[in-house]
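Worksheet for the structure shown next.
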Amino acid sequence: MSDADTFRQETRAWLEENCPASMRRAVKSDKDQCWGGRNWVFESEDQKIWLERMAERGWTAPQWPVEYGGGGLSRQEAKILQEEMASIVARRPLESFGIDMLGPALFKFASEEQKQRFIPPIVRGEIRWCQGYSEPNAGSDLASLQTRADDQGDHYLVNGSKIWTSYADKSDWIFCLVRTDFDAPKHQGISFLLFDMASPGVSTNPIKLISGNSPFCETVFENVRVPKENLVGELNKGWDIAKYLLTHERQMIGGFGLSRAGSKSTGRTAAQVIGTSDGRLADGGLRADIAAFEIDEMAFALTVERVVDEAKAGQGTGAASSVLKLYGTELNKLRNELLMSIGGSGALPWGSEENATLAQHWLRSKGNSIEGGSSEIQLNIIAKRILGLPA
Amino acid sequence: MSDADTFRQETRAWLEENCPASMRRAVKSDKDQCWGGRNWVFESEDQKIWLERMAERGWTAPQWPVEYGGGGLSRQEAKILQEEMASIVARRPLESFGIDMLGPALFKFASEEQKQRFIPPIVRGEIRWCQGYSEPNAGSDLASLQTRADDQGDHYLVNGSKIWTSYADKSDWIFCLVRTDFDAPKHQGISFLLFDMASPGVSTNPIKLISGNSPFCETVFENVRVPKENLVGELNKGWDIAKYLLTHERQMIGGFGLSRAGSKSTGRTAAQVIGTSDGRLADGGLRADIAAFEIDEMAFALTVERVVDEAKAGQGTGAASSVLKLYGTELNKLRNELLMSIGGSGALPWGSEENATLAQHWLRSKGNSIEGGSSEIQLNIIAKRILGLPA
Amino acid sequence: MALVLNEEQQMLRDSAKSFIQESSPVSLLRELRDRGEEWSPELWGGMADMGWTGIAIPEEHGGLEFGYVGAGLVFEECGRTLASSPLLSSSFVCSALIAELGDDEQKAALLPAIASGETIWALALSETDRFDPAATALTAAADDEGYLLSGNKLHVADGAIANKLIVVARTDAEPGTESGLSVFIVDRDAKGLSIAASPNLDTRLVAKLQFDSVRVAAADRLGDAGAAWRALERALDIGAVLSAAELLGISQEAFERTLGYLRERKQFGVPVGSFQALQHRAAQLFCELELCRSAVLKALQAIDANAPERSRLASMAKAKMARTAKLAVNEAVQMHGGIGMTDEFDIGFFMKRAAAASQEYGDYYYHADRFGRLGGY
Amino acid sequence: MALVLNEEQQMLRDSAKSFIQESSPVSLLRELRDRGEEWSPELWGGMADMGWTGIAIPEEHGGLEFGYVGAGLVFEECGRTLASSPLLSSSFVCSALIAELGDDEQKAALLPAIASGETIWALALSETDRFDPAATALTAAADDEGYLLSGNKLHVADGAIANKLIVVARTDAEPGTESGLSVFIVDRDAKGLSIAASPNLDTRLVAKLQFDSVRVAAADRLGDAGAAWRALERALDIGAVLSAAELLGISQEAFERTLGYLRERKQFGVPVGSFQALQHRAAQLFCELELCRSAVLKALQAIDANAPERSRLASMAKAKMARTAKLAVNEAVQMHGGIGMTDEFDIGFFMKRAAAASQEYGDYYYHADRFGRLGGY
């Protein structure tokens, strides 16, 4: 038996033994997700056990090095773990911006001391992170940020405000872009700071969205003292970290398109709701739009696959993240439009924040092409950086 | 009986008596159209008679004043004439850029002497005109034209070249934009000249298009002497005339969309070619695209109607020409795309210049959104002049 | 008929605009939403005072007999501020059915109270999620005392507040056919009728109606038994075109607010509206809206004239408007960026109402299909 | 299978590119067109020397057995310079039918001459203007001596130059059904067969074939009578995906030429490519082309693997590619402006060939419909 097969067998057995039955059900609403952190209230004992058992093996971050608490798995092993979890519909034990975003940046830019200090609690789900990028008046021009960190000798004094901070009201720490040089060109005076959201002077204010949910906050800093050792990377070089993280985020958001691609076909959903005639959806116009969409959806999923495969084969162009972000989010919006059309008047009811309706998901999807760098920004990036069109 | 009814009866009787039978058939190809001019070879004696009879009454230009050879008809009478001609499928006796374009500009900008000299031969179809606007290196930036007219005391010396001159090789005279002041800002050094294409130094070179036809020429001027009295309007104020004419041209080209709107429905054509099932076109995807197109086509035709009605009622915005040019040409391209899809492999054959196929008309239509101010230029105009968006 | 407004129509539009801007700004919708209410009786009273409740009702029955072009102008202005009222159901769709099918007695008894705004009517038609009037299956079984109605109705607009209902029921033939449909008057308090209302995304309430052997007198049937289709089709065309007029107002307002934002909001040191890519998209949307305006006006005229091509024009107008409204609100939110996604900002209300109005009396797919069928393909 | 090219495939692509750029630049097509000729026997000989005529043919029959991913790369490069040849008809579609349906004797007799490029084959299938293989009506009436073929075939690609034809005929059932189809080998000089060729917009000749009781021996039937559908479907999938690969090359080249023009051409004193509206359109087209590349590669792999989802992937690839090619050539001409409309400039050739290739083996509508049906809706 190959190593891979052995690993698969062992993993399957371990999951069978350790994954509680109630954690083997698809996530239905936000409530079913575990975000961890200091103030987390577990939905159930099972949710707590599942997080602890997975974190103990480092399998909340399967490919991170063991020395920082990670699982130390190879790419192949991680894929097997994912497959085995999927086969029993095991939930992800921990949702975490620390794992998805901050961690990779720390591995690349942080000092050894910082890695030792910050990464293990991320893996264990003990500290919940949020990101402080966008500002109320900056919009798509992220680098025009005005939140300032003034050097006070042994600490920085942070003043300003951030917007669109996901779950800032529920997070323990923030990774935050601040301006440390007001005279430099706008991309060159930015630094990357980490600090505790419990620090005096930090306040958060949830923003209600058109979908009725409030996943984002406006976050205000008034004379927040941040120890100097919390600076990641070089002073005034924070934009490099930001770019790295943005690329990462784009791929995640674009992945929306993919993550649902495996789920039920929009066309089949329509066929069930509307019925077919002679093997074709009974509404010919809607059918044509759905077929066009599903062709794009399939070609997009294959493109995500190709990008990954090319990267593995060293053939990647590195240009893919903007394409995936742009196309994936536009496709997700289109899918939601089609689902609304399929539902007709039955898609119009309004629910609650906890039990969101189709209409609320549809409204939420409209933000996909704004957050994480708008579609227009991605088109600019593609035109200039990939196609080399003149400024 | 009202005046209108009397006019209708008289007109009907006159047409019945004077329109030759062979001129009562729809125009099938370019050959069936009469353009007149010094070198015109009439297709038939009927074609000649028809032009002469109509020109004698001034009905080649029905609403122009009688003193310049026009028909002197009111708007209502002109409409009746048009309706009565349509009812017997009488052809237009004369196709003419002189009537459609130059004439209106002369009425507005020319001296009395110039009007007396140039307008009557236009009405009679004796002089065929072409327009000299675009230049080989200017593209959409019309005002950057470089053809120069140098003041030589009693005449101008014209040097330079024009491109996209429709039928220049068959025309007798040209109305032409030239630069007369090289130091002024680009819009302010342009003048509007008329001259004989038989002048020494004028040469034309037909441009073959992707459709296989050659309706346009490149026209070169080498030391062409143009008498000073052929300047229309003020020196260096030619851009005003150009703008006036461009607006006019836009409406004409946009009218393409309309002129065909009265002809056979694309959907019915498809139903005949492809067949129906349960009252619906047998190809559901194509049907959906055709319905979307025909909805737009109808709404566009209604918009042309509304623009005319609003202008009559004094409610016009004056902003319509760019909208009509843009939308009408895009619709015409779409109609051709749909006709190609309806025809399938049967739409692919190549014909000749005289007997153009569907494919050739389709290829020709691609130029609609380039000529007469590209779609991009129209979008710029709408955004800036109508919507007031900042530069 | 010329595609322009006459002087009377222009005056109506101007008075409608100033009344609605005053009495029903978007902030009223927000207040109602936050209070969990659907409608404002004060606004309804004001509309009745303006005469809007009787615009399409003959003068002999207390209406203004002003015509549908005028009605369209009112709905366009209502669309601009998202004014919520039972005007469409009661004063235009139900009143059209009564005027067309009712006998003299019924008309004299019912229409004046609609014209005055005293009685509010709702149309109980849909039984499926996707608009399909011929699919009506609710049965009206005839007996000696009249009819017994049994079945369900869904998505009844204004069903939560109407005093009276017009119920479309099947007295003959199979669901899916246009023949065999009859129309009945039913009181909201009728025995055996239960009404459950819940809010849609646009904060308006829609009702689910259950008919459990509801007794209806033969005298409460409108028109001949089984022969309601022609009148129903006309009433639904009216509904479709007036909802298109509302969508025109919604889209135009969303567009103008977006233009204002593009002119003022700065990014990268320049106004956002100076970016050519956004300029071209705005210009394209402007063209679409120009087409919509012509389409809606023509369809309204066709209703006034009862023109033979009325249904095809109605489907053109609703289809074109539904598609353009979707584009307009999507572009509005996208061009506003993050702020457009917040509940605090009004633009989201336009997106929500546009989605609901696009479904009312048939969505894009329904009307594009009908447009093709009526066009012979 | 990973969605990347292996080393062998990369080498094939590089050699294909340099051969085709050298032997068949766009100027060759122009020369052929101006001379009124369809094809270049020299180019065909060169392709045979490169082994392309045998890429998909088993080694035992003289081919390279290299597979369809490799074939796709060849067609992509051919698309880039609009190289015209009977490669698709002969070496991929007809050869697939022979390889799948033929008995050992037929295969041994026929395939080596295809692999060497010596014999050129054409597929006589379509009888209607719109692609619809099941509509085949041409009859093959069985008698003691074999079959008599009667009927017409339209739009036969390479029918003007092929030595041999594969004719799809009906031996049973009604036109419109997939059963009852048989496949026959017919010589171009067969008695009773007349061939009339005329040029399409892309300068390639297509033939109209008239079968007037053409005698075919029973031994010239490929496979069982009436049972050709499965093999035909596979051959047509191959045709669809390889024409998609050609469209990918056409579109990519048209796009790159347009990018070059946008970078260099100046208007209003700046490069045309600096206008943001054009930048965004170019970026959108780039995304579409990236999706196309993935779609085509996956469909090619599915043919190589004879995967169960082969047909759905083939339809996805052809549909996506046909739609994107239309966008690519339309944008190319529009962005080039006036010069793009001239025959002197090459870009128009891309528009013409894209239109023809989009029809071959089914257009967008055919494949989008099939994609939906195979997807269960």
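Couple of notes before you dig in:
- D:Phe255 meets the conditions (1) touching a helix residue (DSSP H, G or I) at 6+ places or on another chain (Cβ under 7 Å); (2) surrounded by fewer than 19 Cβ atoms within 10 Å (Cβ to Cβ); (3) within 14 Å of another protein chain (Cβ to nearest Cβ) in every case but one. The failed one is (2).
- Residue that is part of a helix (DSSP H, G or I), surrounded by fewer than 24 Cβ atoms within 10 Å (Cβ to Cβ) and free of Cβ contacts under 8 Å to residues at least 24 places away in the same chain, where the choices are C:Glu105, C:Glu65: C:Glu105
- So C:Glu288, is it within 13 Å of chain B (Cβ to nearest Cβ), touching a helix residue (DSSP H, G or I) at 6+ places or on another chain (Cβ under 6 Å), closer than 29 Å to C:Gly67 by Cα and not aromatic (Phe, Trp, Tyr): yes
- Odd one out for A:Glu43, checked against (1) in contact (Cβ under 8 Å) with a residue 60 or more places away in the chain; (2) within 28 Å of A:Asp196 (Cβ to Cβ); (3) loosely packed, with under 15 Cβ neighbours inside 10 Å: (1)
- The single condition from (1) touching a residue at least 60 places away in the same chain (Cβ under 8 Å); (2) surrounded by fewer than 21 Cβ atoms within 10 Å (Cβ to Cβ) that C:Ala83 fails is (2).
- Matching residues in region D:339-377 - criterion: being aliphatic (A, V, I, L, M) and either surrounded by 24 or more Cβ atoms within 10 Å (Cβ to Cβ) or within 17 Å of the chain's Cα centre (by Cα) (or both): D:Met341, D:Met351, D:Ala354, D:Ala355, D:Ala356, D:Ala357, D:Ala368
- Qualifying residues in region C:42-62 (those that are hydrophobic (A, V, I, L, M, F, W, C) and in a helix (DSSP H, G or I)) - the one farthest from the chain's Cα centre (by Cα): C:Met50
- Restricting attention to region D:96-111, the residues that are out of contact with any Gly (no Cβ under 8 Å at 6 or more places or on another chain) and within 27 Å of D:Ala16 (Cβ to Cβ) total 5.
- Any chance C:Gln284 is without any contact (Cβ under 8 Å) to a residue 40 or more places away in the chain and touching a Lys or Arg at 6+ places or on another chain (Cβ under 9 Å): no
- Subset of region A:344-371 [buried (at least 23 other Cβ atoms within 10 Å of the Cβ) and outside any helix (DSSP H, G or I)]: A:Leu348, A:Ile370
- Here the condition is being modelled with pLDDT of 95 or more and touching a helix residue (DSSP H, G or I) at 6+ places or on another chain (Cβ under 9 Å); of A:Leu231, A:Leu258, it holds for A:Leu231 alone.
- Residue count for region C:329-338, restricted to those that are within 7 Å of another protein chain (Cβ to nearest Cβ) and either crowded, with 24+ Cβ neighbours inside 10 Å or under 15 Å from the mean Cα position of the chain (by Cα) (or both): 1
- When D:Val270 is tested against (1) more than 30 Å from D:Ala16 (Cα to Cα); (2) of a type in the set (Val, Ile, Thr); (3) assigned by TED's automatic domain parsing to the domain that holds D:Thr136, exactly one condition is not met: (3).
- Filtered residues of region C:118-143 (kept if within 16 Å of C:Asp172 (Cα to Cα), in contact (Cβ under 8 Å) with a residue 40 or more places away in the chain and of a type in the set (S, T, N, Q)): C:Thr136
- Residue, surrounded by the fewest Cβ atoms within 10 Å (Cβ to Cβ), within region D:307-325, restricted to residues that are in contact (Cβ under 8 Å) with a residue 12 or more places away in the chain and away from chain A (no Cβ under 13 Å): D:Arg310
- Enumeration of residues in region B:372-391 that are of a type in the set (A, V, I, L, M) and in a loop (DSSP other than H, G, I, E, B): B:Leu387, B:Leu389, B:Ala391
- Some residue of region C:241-258 being free of Cβ contacts under 8 Å to residues at least 12 places away in the same chain and either outside any helix (DSSP H, G or I) or outside the structural domain of C:Ser84 (by TED's automatic domain parsing) (or both): yes
- The set of residues in region C:108-141 being surrounded by fewer than 20 Cβ atoms within 10 Å (Cβ to Cβ), polar (S, T, N, Q) and closer than 28 Å to C:Ser315 by Cβ consists of C:Thr128 alone.
- Matching option when the condition is more than 7 Å from every other protein chain (Cβ to nearest Cβ), in contact with a helix residue (DSSP H, G or I) (Cβ under 7 Å, 6 or more places away or on another chain), assigned to a helix (DSSP H, G or I) and not aromatic (Phe, Trp, Tyr), among B:Leu302, B:Leu324: B:Leu324
- The set of residues from region B:143-185 being in a loop (DSSP other than H, G, I, E, B) and closer than 15 Å to B:Phe195 by Cα comprises B:Thr147, B:Asp154, B:Ser171, B:Asp172.
- Leading residue by the ranking (farthest from C:Glu344 (Cα to Cα)) among those in region C:1-22 that are away from chain B (no Cβ under 14 Å) and crowded, with 18+ Cβ neighbours inside 10 Å: C:Leu12
- Residues of region A:268-294 that turn out to be within 18 Å of A:Thr329 (Cβ to Cβ) and within 12 Å of chain B (Cβ to nearest Cβ), as a count: 1
- Residue list for region A:206-221, filter: in a strand (DSSP E or B) and either under 20 Å from the mean Cα position of the chain (by Cα) or surrounded by fewer than 15 Cβ atoms within 10 Å (Cβ to Cβ) (or both): A:Pro206, A:Ile207, A:Leu209, A:Phe216, A:Cys217, A:Glu218, A:Thr219
- Selection from region B:46-62 of residues that are at negative phi and touching a residue at least 60 places away in the same chain (Cβ under 8 Å): B:Leu51, B:Ala55, B:Thr60, B:Ala61
- Residue count for region A:125-137, restricted to those that are surrounded by 19 or more Cβ atoms within 10 Å (Cβ to Cβ) and either away from chain C (no Cβ under 14 Å) or of a type outside the set (Asp, Glu) (or both): 9.
Table: residues versus (1) charged (D, E, K, R); (2) over 16 Å from the mean Cα position of the chain (by Cα); (3) modelled with pLDDT under 95.
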residue: C:Gly223; (1), (2), (3): no, yes, no
residue: C:Ile238; (1), (2), (3): no, no, no
residue: C:Arg257; (1), (2), (3): yes, yes, no
residue: C:Lys266; (1), (2), (3): yes, yes, yes
residue: C:Gly273; (1), (2), (3): no, yes, no
residue: C:Leu278; (1), (2), (3): no, yes, no
residue: C:Ala295; (1), (2), (3): no, yes, no
residue: C:Ala299; (1), (2), (3): no, no, no
residue: C:Met321; (1), (2), (3): no, no, no
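The values are calculated or read from the model by the stated rules, or taken from the named source; none is laboratory data. Remember, predicted model here, so these are calculated numbers, not experimental data. Note: ideal-geometry Cβ built from the backbone for every residue, glycine included; neighbour counts use all protein chains shown.
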